[in-house]
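Structure record follows, encoded as structure tokens.
The values are calculated or read from the model by the stated rules, or taken from the named source; none is laboratory data. Being a predicted model, the structure only gives us computed values, none of them experimental. For neighbour counting, all protein chains shown are included, and Cβ atoms are generated from backbone atoms with ideal geometry for every residue, glycine included. Protein only, heavy atoms only, side chains kept; ligands, DNA and RNA dropped before computing areas. Shrake-Rupley method; radii C 1.70, N 1.55, O 1.52, S 1.80 Å.
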Amino acid sequence: MLEQQVTALTAILKDRDIRKFAGDSFWSIIKAVSFGDPAALAEAADDMKQLIFHMPAVLFWDKMQRYLFGTFRSYEDQVRMAQKFTRENADYAAFVKKQMHLVNELNDDRKIDDFAQLTRCYLLTELDEALYDKLARYLNICTAGELAYLRAFGYDQRSALNVMISALYQYGLFDQTQDERGGTAYVLSGFGKALKLCSLNFDEGCGGMERITSYGQLTPLNIAEPASMDEIEEMFHDTFDSVGGGGADSCGLPE
């Protein structure tokens with residue numbers, strides 16, 4: 001059943017200008033997708049309001065309408081998206097199905113808008129699909145407040161640790177660096193910058209920065225690794241040498 005609905009929505013996005021179905025006319029799209037039949041667009045949709053009116057379905061289609069109209073500003077956008085997929089229908093249908101799952105999981109209108117911006121970035125730039133998927137996951141796991149904090153945080157800003165950064169650091173969206181005094185400061189990680197450039201602040205442009213569009217442009221986080229036994233022995237050896245000023249016996253102790 002779901003595959004029929006995915007196929008129907010894929011066909012509509014490829015062949016019909018969805019902006020002609022704004023307002024109450026969007027019920028026609030809901031009916032066509034629900035029945036798995038794109039031809040149902042031409043039929044009256046008043047009966048669909050009675051059929052589909054239960055809260056989960058209403059919430060889903062409200063989010064889907066917001067997402068689709070936020071992503072596609074014109075029919076040319078829809079055509080361009082379909083052209084990003086090389087094989088006839090198969091790849092695009094899988095992509096559309098994934099969008100339906102992601103939209104269903106998002107629980108805030110601003111998250112839907114951010115997801116639409118992320119998809120526009122995927123449409124208009126060379127954003128890699130693997131990184132697109134990763135950034136979409138961040139929109140789901142972060143709270144609306146955390147995303148608002150990221151949206152306002154400067155690309156090159158440094159900050160002391162606070163509760164919000166502590167939470168986002170666990171997701172890999174912040175990284176550690178040294179401040180001017182040799183202490184620890186927190187900055188946006190590569191993933192944090194990518195999320196801002198490709199979604200949260202996409203409509204503001206890059207501001208002279210290079211947009212991060214693939215994993216190859218990311219650098220690993222500064223994660224402290226445990227010292228090896230050789231490194232521990234070397235630290236003790238250096239400590240004893242500096243304190244005793246002499247050699248060491250075979251146990252690493254001062255003679």
Single unsatisfied condition, Gln176 versus (1) open to solvent by 20 Å² or more (accessible area, probe 1.4 Å); (2) assigned to a loop (DSSP other than H, G, I, E, B): (2)
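Quick check on Val79: is it at pLDDT 90 or above and either in a helix (DSSP H, G or I) or open to solvent by less than 80 Å² (accessible area, probe 1.4 Å) (or both)?
It is true that Val79 is at pLDDT 90 or above and either in a helix (DSSP H, G or I) or open to solvent by less than 80 Å² (accessible area, probe 1.4 Å) (or both).
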Odd one out for Glu88 among (1) surrounded by fewer than 13 Cβ atoms within 10 Å (Cβ to Cβ); (2) modelled with pLDDT of 70 or more; (3) among the charged types (D, E, K, R): (2)
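Please go through the stretch 5-31 and give me each residue that is of a type in the set (Asp, Glu) and outside any loop (DSSP other than H, G, I, E, B), ordered by number. If you could, list the steps in order and put the result at the bottom.
Going through the stretch 5-31, the residues of a type in the set (Asp, Glu) turn out to be 15, 17, 24.
Those that are of a type in the set (Asp, Glu) and outside any loop (DSSP other than H, G, I, E, B): Asp15, Asp24.
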Verdict on Phe115 being within 12 Å of the chain's Cα centre (by Cα) and either within 16 Å of Asn201 (Cβ to Cβ) or at pLDDT below 95 (or both): yes
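Assigned to a helix (DSSP H, G or I), modelled with pLDDT under 75 and charged (D, E, K, R): is that true of Asp230 in this structure?
Details: assigned to a helix (DSSP H, G or I): yes; modelled with pLDDT under 75: yes; charged (D, E, K, R): yes.
Yes, satisfied.
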